[in-house]
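Every read-out reported here was derived from the displayed coordinates using simple, explicitly stated rules and does not represent laboratory data. All figures in this text were calculated on a predicted structure; none of them were measured in a lab. Here Cβ is always computed from backbone atoms with ideal geometry, including for glycine, and neighbour counts include all displayed protein chains.
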Amino acid sequence: MRLHGLNWDAKKFIQTASDKANNGEPVHGIKFDLKSTDGMARRGAITTAHGVIQTPAFMPVGTAATVKTMRPESVAETGAEIILGNTYHLMLRPGAERIASLGGLHKFMNWPGPILTDSGGFQVMSLSELRKITEDGVRFRSHIDGSYHDLTPERSIEIQHLLDSNITMVLDECTPYPATEQQATDSMRLSMRWAARSKAAFQKRDGYGLFGIVQGGVYPSLRAESAKALSDIGFDGYAVGGLAVGEGREAMFATLDVTTPELPGDRPRYLMGVGKPEDLVGAVARGVDMFDCVLPTRSGRTGQAFTRRGQVNIRNARHKDDPRPLDEECTCPACTSYSRAYLHHLASSKEVLGLMLLSWHNLHYYQQLMSGIRAAIEAGTYADFMAAFEVEYGGGDIAPLD
Ligand SMILES: [Zn+2]
């Protein structure tokens with residue numbers, strides 16, 4: 001494997017809690033406590049070497065070792081307990097070996113809490129040029145400087161170890177949509193062989209875990225086959241991949257309906273890259289424990305706010321003279337200190353503060369939503385919660401001022 005720019009033996013630079021000798025004690029990966037259930041919805045907690053994550057949980061995306069526009073302290077203030085880092089971006093810039101030599105991703109970006117990293121596979125397919133998939137892995141050209149890189153299951157696991165990721169994802173091929181049943185079968189089975197190689201390459205450490213990823217497109221029998229193959233290999237958690245790629249909400253929920261019952265009940269389940277608030281609420285009802293999505297931060301940068309009353313486009317002229325907060329019940333800095341008129345002005349003039357405040361509000365809203373979801377499952381009132389959410393969220397924004 002070629003290491004671009006950096007030739008040292010990175011492994012000797014890794015100094016993490018995970019590498020301490022275990023004194024002969026058995027290694028415990030990450031712990032999952034299932035506290036209560038309500039229908040298929042689950043209330044739990046995941047314990048990692050860097051802290052506990054209450055589930056169902058939403059993970060803000062910190063693509064390039066930063067949740068865009070947000071200081072890590074502010075991300076934590078919104079209630080987030082875990083963030084996601086992107087292997088593809090970090091391996092290309094600044095490089096996994098460099099981050100390892102600087103003490104790992106937690107230290108590098110000043111986020112002391114748990115971190116989940118993806119395998120890099122999804123972004124190789126969506127961002128890089130001239131990619132070529134073989135049984136061995138994927139060769140691609142960087143979208144930054146055109147340099148060639150190889151990503152194999154083993155190298156992906158190694159990179160995520162160098163980053164000191166608490167939850168490592170297996171390398172998989174995200175099956176494109178649409179795909180014929182034959183294409184989805186071949187792609188899923190390749191991912192299952194890569195999952196086995198990822199498991200073999202993963203170094204077990206206390207408080208660190210490896211998740212498998214179910215593929216199989218929108219074909220129920222393939223999803224079941226994939227779930228079975230992963231359970232047989234055995235993982236600390238199970239992700240559902242290859243959704244939210246254009247199939248639509250109905251097909252996504254239908255796929256979840258046939259997938260989550262096939263997964264081990266005593267391990268966390270993670271729906272990758274999803275989604276809108278209504279997706280999260282519906283997926284929790286189908287047994288999902290973890291989510292990640294760029295939507296709250298990306299939308300924050302384009303003037304889109306998520307509120308209890310649905311999506312609000314703050315760039316809309318109706319907000320120009322509105323002295324009211326975005327959401328009078330929200331306790332985030334954007335809502336407690338600024339008016340719709342000011343946020344409109346910032347977004348319209350593309351001021352950095354506007355991007356920051358809307359990202360903050362959106363992350364705050366998502367964490368509030370998850371907190372409400374957790375409380376409702378605990379109380380055994382999740383069906384009522386969903387009904388109330390639908391009414392309020394679907395009800396639309398407050399009426400404009402006259
Ligand atoms: Zn707010």
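Just how many % of Cα pairs in the chain lie over 32 Å apart, if you round to the nearest whole percent?
35 percent
What does the charge count around ILE314 come to, taking other residues whose C-beta lies under 14 Å from its C-beta (Lys +1, Arg +1, Asp -1, Glu -1)? Provide the component values of the computation, followed by the final result.
Numbers: positive: ARG301, ARG309, ARG315, ARG318, LYS320, ARG324, ARG340, LYS350; negative: ASP321, ASP322, ASP327, GLU351, ASP397.
Around ILE314, the surrounding residues sum to +3.
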Which angle from 0 to 90°, rounded to the nearest 10, does the C-alpha axis of helix 352-379 make with the longest principal axis of the chain? 80 degrees
Where does helix 249-259 land angle-wise versus the long Cα axis of the chain, in degrees 0 to 90, nearest 10? 40 degrees
Give the peptides 365-372, 325-332, 79-86 in descending order of average Cβ contacts within 10 Å, highest first. 79-86, 365-372, 325-332
Net charge dipole size for segment 46-293 [Lys, Arg +1 and Asp, Glu -1 on Cβ; Debye, nearest 20]: 400 debye
By per-residue mean of other Cβ atoms within 10 Å, what is the highest-first order of 149-162, 177-190? 149-162, 177-190
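Pairs LYS132/LYS228; LYS199/LYS276; LYS68/LYS276; LYS199/LYS228; LYS107/LYS350; LYS132/LYS199: which are spaced more than 25 Å apart, C-alpha to C-alpha?
Details: LYS132/LYS228 28 Å; LYS199/LYS276 31 Å; LYS68/LYS276 18 Å; LYS199/LYS228 15 Å; LYS107/LYS350 31 Å; LYS132/LYS199 23 Å.
With Cα atoms farther than 25 Å apart: LYS132/LYS228; LYS199/LYS276; LYS107/LYS350.
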Karplus 3J(HN,Hα) series, Hz, for segment 73-88 with 6.51 cos²θ - 1.76 cosθ + 1.60 (x for Gly, Pro): 4, 5, 4, 5, 4, 6, x, 5, 10, 8, 10, 10, x, 9, 4, 4
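Between LYS35 and SER221, take the C-beta separation as r, use R0 = 30 Å, and let me know the FRET efficiency to the nearest 0.05. The partial results should precede the final answer.
Working: r = 33 Å, r/R0 = 1.10.
Taking R0 as 30 Å, the efficiency between LYS35 and SER221 is 0.35.
So what's the projected area for segment 152-291, the Cα convex hull averaged over all directions, in nm²?
Numbers: hull surface 31.3 nm².
Average projection, Cα convex hull of segment 152-291: 7.8 nm².
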Taking Cα atoms only, helix 220-233 is inclined relative to the longest principal axis of the chain by an angle, in degrees rounded to 10, of 60 degrees
Give me the distance in nm between label points sitting 7 Å out from Cα along the Cα-to-Cβ direction at LYS204 and THR381, one decimal. 4.3 nm
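Below 15 angstrom from the Cβ of GLU378, what's the summed charge of the other residues (Lys, Arg +1; Asp, Glu -1)?
Details: positive: LYS35, ARG42, ARG43, ARG374; negative: ASP33, ASP38, ASP289, ASP384.
Its environment carries a net charge of 0.
Extension gain SER339-ASN316, at 0.36 nm per residue separation less the Cα-Cα distance, in nm? It would help to have the intermediate numbers written out before the result.
Details: separation 23, 0.36 × 23 = 8.28 nm, distance 1.39 nm.
Full extension from SER339 to ASN316 adds 6.9 nm.
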Its Cα gyration tensor gives segment 121-218 an equivalent ellipsoid whose semi-axes in whole Å, largest first, are 22, 19, 11
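At a 10 angstrom cut-off on C-beta neighbours, averaged per residue, how do the peptides 93-100, 215-222 rank from highest to lowest?
Output ranking for 93-100, 215-222: 215-222, 93-100.
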Computed FRET efficiency, Cβ-Cβ of ARG141 and ASP186, R0 22 Å: what is it to the nearest 0.05? 0.35
Measure of size requested: the Rg and Dmax of segment 300-394, with Cα atoms as the atom set and Å as the unit; please supply both. 14.3, 46
